[in-house]
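Undergrad: Structure provided below as structure tokens; questions to follow.
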Amino acid sequence: MRRTSRPALFVTAPVDGPPAVVIDGVVARLTDRERAVLARLARQPGGTVSRAALLRDVWGAPDTDPHALETVVRRLRAKLGPAGDAVETAVRR
């Protein structure tokens with residue numbers, strides 16, 4: 001069985017600026033909203049976070065346009081590179 005490794009993902013808190021996300025030694029420049037979504041998802045690793053919970057916790061209102069969330073998640077995945085594969089969308093049935 002072939003074993004693949006996941007990229008190393010770290011969040012640092014520098015003294016002179018906003019927290020930085022570092023993936024395999026490369027700093028990913030995230031917006032405040034992208035960082036907030038990542039932080040909210042990281043509070044529940046391996047779990048499912050509902051769209052309403054993300055909109056409430058990150059935007060402050062569950063009635064925010066859900067396309068705003070979809071856009072932020074798409075940009076976040078792209079900026080995280082291979083580590084972005086860990087951000088999955090669960091389809092409700």
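Undergrad: Not counting ligands, DNA or RNA, and with a 1.4 Å probe, what is Glu88's accessible surface area in Å² rounded to the nearest 10?
TA: 150 Å²
Undergrad: With a sphere of radius 14 Å drawn around the Cβ of Asp32, what net charge do the other residues whose Cβ falls strictly inside it have (Lys, Arg +1; Asp, Glu -1)?
TA: On the way: positive: Arg29, Arg33, Arg35, Arg40, Arg75, Lys79; negative: Glu34, Asp57.
Cβ neighbours under 14 Å give a net charge of +4.
Undergrad: Also: What is the gain in length, in nm to one decimal, between His67 and Arg40 on full extension, counting 0.36 nm per residue of separation less the C-alpha to C-alpha distance?
TA: 7.9 nm
Undergrad: Hey, another quick one. Considering only protein heavy atoms and a 1.4 Å probe, what is the carbon-and-sulfur percentage of the accessible area of segment 24-93? Let's see the in-between values first.
TA: Numbers: 2440 of 4770 Å².
The value for segment 24-93 is 51 percent carbon and sulfur by accessible area.
The values are calculated or read from the model by the stated rules, or taken from the named source; none is laboratory data. Owing to the predicted nature of the structure, the values given are computational and were not obtained by experimental measurement. Neighbour counts are summed over all protein chains in view; Cβ atoms, including those assigned to glycine, are modelled from backbone coordinates with ideal geometry. Please note that ligands, DNA and RNA were not included when accessible areas were found on the heavy atoms of the full protein model with its side chains. Shrake-Rupley method; radii C 1.70, N 1.55, O 1.52, S 1.80 Å.
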